[in-house]
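The values are calculated or read from the model by the stated rules, or taken from the named source; none is laboratory data. On a predicted model such as this, the values are computed, not experimentally measured, just so you know. As a convention, Cβ positions derive from the backbone with ideal geometry for all residues, glycine included, and neighbour counts pool all protein chains shown.
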Amino acid sequence: MLAPLEHRTYRHLFLAQVIALIGTGLTTIALVLLAHDLAAGEAGVVLGTALAIKMMAYVGIAPLVGAYAARLPRRWLLVGLDLLRGAVVCTLPFVTEVWQIYVLIFLLNACSAGFTPVFQATIPDILEDEGQYTRALSLSRLAYDLENLLSPLAATALLLLMSFDALFLLNGLAFLVSAGLVGSVALPSPQAANDEAPGIWRRVSHGMQIYLKTPRLRGLLAISMVTSAAGAMQIVNTVVYIRSALGLGEQAVAMAFAAAGSGSMLVALLLPKVLERLRERPVLLAGGSLMTVSLFLGLLAPGFVGLMGLWFLMGIGASLVMTPTGRLIKQSCHVEDRPALFSAQFSLSHGCWLVTYPLAGWVGAKVGLLETFALLGTIALLSTLLAARVWPSREPIVLEHEHAPLTHAHLHYHDDHHQHEHEGWEGPEPHRHPHQHERGRHQHAFMIDGHHTRWPS
């Protein structure tokens, strides 16, 4: 699994990711405690609303960045967004009103909505080998899991020495270090899209169209709803369940978050070998099923030990879903479309969180925690069944399909789709000129693009 770290550029990016994640984990714990201080019994409502605002930033900003990411210098874009995140998070210790949390959360996550998809789309350009890329995905998942495991433990220790406000400042320092690491390496330039000067709506919607027309990605979106239902219950209501229902303290909150991280980390260590033998579909459906069962087990009103067990199972399920996601994205598009498709995945998956975060907060506060377990468990169950239905169980990568005759112009090389005569003025490849595609039937790894606008039946 550690082989990708031999690549200097990836090693710097991975360290940047780990350091930024640890800082973000400290902010998550501090934000939970800040909400409890400002709103007490309404902390679940404040967190649910704040996290819904976070998702609104993700859903709205990510497609815009994805539309222009191929036209911007990657390194300086990522460095600038890291510095902006650091500046915003350093203002959180001075918050005195709930509405100020909402404003700063939007600004912070608008930057993250630009940073994360571009970062994700850069990794397969650095590690082109499929095996190396799969190991890098597991390392990335492991980084998230270590953050979930170690950040709460680090927060527990730090809270013995300082107030939670200081955790925000430590996160600002983490973003500064992350920016330095990203700026220390040269990143590959994104490959220009083949389209001929598309308008802004075409650019923004391009990744969404590829995503929603690809059956395996529609299944992934349904499973993303399961992940958001389970994750929203855990993130929003852990502090309410432990401090209000069980009457325990801040350290117990951090330990519960660490239980989810340890379950996810276990799977991230084992999954590369599993993915050498299994396709992604059964792995993702297993993860969705496990998270669904965990939510329904919450109806047993577990004590602290039981709750940690449920969160451990949810962590396992989440890792089964999130680790293979990058492989599915890479399989489903051309290199030049990766920024747009990673942005679409980021935006659509966080659209699911935009639904579940407010549900977890408001239903938990106004109706009850057991009823919230039941509601989110039902959403998870229906979403898992939907994923199994829309994602064919025997979906081949290579598909035979027929092309209708077509005349158009775009930047291209001469490949399976472009075998035509030249008049001498067209210039070296890749080049752009009007050309005719004859009617024909052939097979290859199928992806939605300018030549394949719908999935073959």
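Structure notes:
- Restricting attention to segment 57-100, the residues that are modelled with pLDDT under 80 and crowded, with 19+ Cβ neighbours inside 10 Å add up to 12.
- Neighbours by Cβ (under 7 Å, 6+ apart or cross-chain): first from segment 164-179, surrounded by 23 or more Cβ atoms within 10 Å (Cβ to Cβ); second among the acidic types (D, E): F175/D82; S178/D82
- When restricted to residues that are in contact with an Asp or Glu (Cβ under 9 Å, 6 or more places away or on another chain) and either among the polar types (S, T, N, Q) or buried (at least 24 other Cβ atoms within 10 Å of the Cβ) (or both), segment 334-360 contains 2.
- Test set (1) surrounded by fewer than 19 Cβ atoms within 10 Å (Cβ to Cβ); (2) closer than 21 Å to G25 by Cα - T323 fails condition number: (1)
- Residue match in segment 248-261 (condition: free of Cβ contacts under 8 Å to residues at least 12 places away in the same chain and within 27 Å of L159 (Cβ to Cβ)): yes
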